[in-house]
Amino acid sequence: MQTPINYQKLKRAIIKYTVSTISITILCVSIALVYSFYIAKPMYEAETQLLINQKNVNQEVNFYQAIETDLQLINTYTVIIQSPVILQQVIKDLNLNITEEELTNKITVHNVSESKVITIKVRDKSHYQAVQIANSIGKVVKEEVPNLMSIDNINILSLAKYQDTPIPISPNIPLNIAIAITFGIFLGVGIAFLREYFDTSIKNEKELEELLELPIIGVVSSIPEKT
């Protein structure tokens with residue numbers, strides 16, 4: 001019957017397999033670096049912001065009703081931005097060789113908390129194309145909303161800008177290295193724990209004494225084979 005491993009034994013196991021743990025950690029970091037630099041394709045992000053203005057608001061309208069109306073409009077615009085009407089026009093304007101579904105997967109739309117600002121983020125392997133798509137979406141939304149809702153209350157607050165040396169948002173090399181180090185250490189310690197736990201052999205008289213809970217009164221020395 002196997003006895004549960006105690007903390008002292010676990011500590012000894014960790015010290016015993018320190019080299020092994022370090023080697024596993026280095027291997028994990030190496031894999032993370034190879035993945036980050038040679039396998040993972042860099043992704044770039046561009047951002048455009050739209051401002052929703054509710055014009056000609058009746059002063060008699062309840063304040064809370066006005067807020068609720070604004071939220072409903074923002075939710076409506078969020079749906080419209082990712083609708084085929086907008087995406088088809090963007091694909092056509094930029095002559096993109098992608099489907100609506102592929103373009104939808106590149107787009108993230110969210111509302112800045114407690115504001116009338118809608119942020120459109122576009123991720124793409126090309127920084128140039130990400131900026132183009134983000135700005136085109138803002139332009140098409142501003143043009144098409146009056147036709148869809150018979151109101152004109154959208155202003156482009158900020159456009160995505162081209163950068164001379166764009167920094168990709170992924171892969172995140174420092175984060176990948178940190179994850180690899182953490183995983184390597186846990187894996188090394190786990191392997192050391194398992195090796196000690198399933199190793200039932202007795203290495204020395206001290207382990208035998210701990211196992212039998214009896215004092216050792218003598219030790220038989222090993223006798224050379226020639227003797």
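In segment 167-177, which residue that is in a loop (DSSP other than H, G, I, E, B) and β-branched (V, I, T) is most open to solvent (accessible area, probe 1.4 Å)?
Step by step, filter segment 167-177, then rank; the result is I167.
Can you tell me how many residues within segment 34-49 are closer than 11 Å to A134 by Cβ and open to solvent by less than 70 Å² (accessible area, probe 1.4 Å)? I'd like the intermediate steps shown before the answer.
We begin by selecting, within segment 34-49, every residue closer than 11 Å to A134 by Cβ; these are 44-49.
After this cut, where a residue has to be open to solvent by less than 70 Å² (accessible area, probe 1.4 Å) as well, the list is 44-46, 48-49.
Total meeting the criteria: 5.
I'd like the full set of residues that are buried (at least 17 other Cβ atoms within 10 Å of the Cβ) and more than 12 Å from I137 (Cβ to Cβ), limited to segment 73-89.
Once the filter is applied, which keeps residues that are buried (at least 17 other Cβ atoms within 10 Å of the Cβ) and more than 12 Å from I137 (Cβ to Cβ), segment 73-89 yields L73, I74.
So is T25 at pLDDT below 90, more than 30 Å from N135 (Cα to Cα) and open to solvent by less than 100 Å² (accessible area, probe 1.4 Å) or not?
Criteria not met by T25.
Which condition from (1) closer than 15 Å to A160 by Cβ; (2) modelled with pLDDT under 90 is the one that K139 breaks?
(2)
Select, from K116, K125, K92, K121, the only residue that is among the basic types (K, R), open to solvent by 50 Å² or more (accessible area, probe 1.4 Å) and free of Cβ contacts under 8 Å to residues at least 24 places away in the same chain.
One residue alone meets the criteria, K92.
Mind counting the residues in segment 131-161 that are buried (at least 17 other Cβ atoms within 10 Å of the Cβ) and either on the phi > 0 side of the Ramachandran plot or of a type in the set (K, R) (or both)?
The number of residues fulfilling the criteria is 0.
Output the residues belonging to segment 99-138 that are closer than 15 Å to T78 by Cα and among the basic types (K, R).
Scanning segment 99-138 gives K106, K116, K121.
Which one of these is part of a helix (DSSP H, G or I) and at pLDDT 90 or above: I31, I98, I74?
After ruling out the rest, the residue left standing is I31.
Okay, residues lined up against (1) in a helix (DSSP H, G or I); (2) at pLDDT 90 or above; (3) of a type in the set (K, R); (4) over 17 Å from the mean Cα position of the chain (by Cα):
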{"residue": "T165", "(1), (2), (3), (4)": "no, no, no, yes"}
{"residue": "I179", "(1), (2), (3), (4)": "yes, yes, no, no"}
{"residue": "L187", "(1), (2), (3), (4)": "yes, yes, no, yes"}
{"residue": "F193", "(1), (2), (3), (4)": "yes, no, no, yes"}
{"residue": "E196", "(1), (2), (3), (4)": "yes, no, no, yes"}
{"residue": "S201", "(1), (2), (3), (4)": "no, no, no, yes"}
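Mind checking whether some residue in segment 38-51 is part of a helix (DSSP H, G or I) and at pLDDT 85 or above?
Within segment 38-51, one or more residues are part of a helix (DSSP H, G or I) and at pLDDT 85 or above.
The values are calculated or read from the model by the stated rules, or taken from the named source; none is laboratory data. These figures come from a predicted structure and were not determined experimentally. Note that each Cβ is placed from the backbone with ideal geometry, even for glycine, and that neighbours are counted across all protein chains shown. These accessible areas exclude ligands, DNA and RNA; they are computed on the full protein's heavy atoms, side chains included. Shrake-Rupley method; radii C 1.70, N 1.55, O 1.52, S 1.80 Å.
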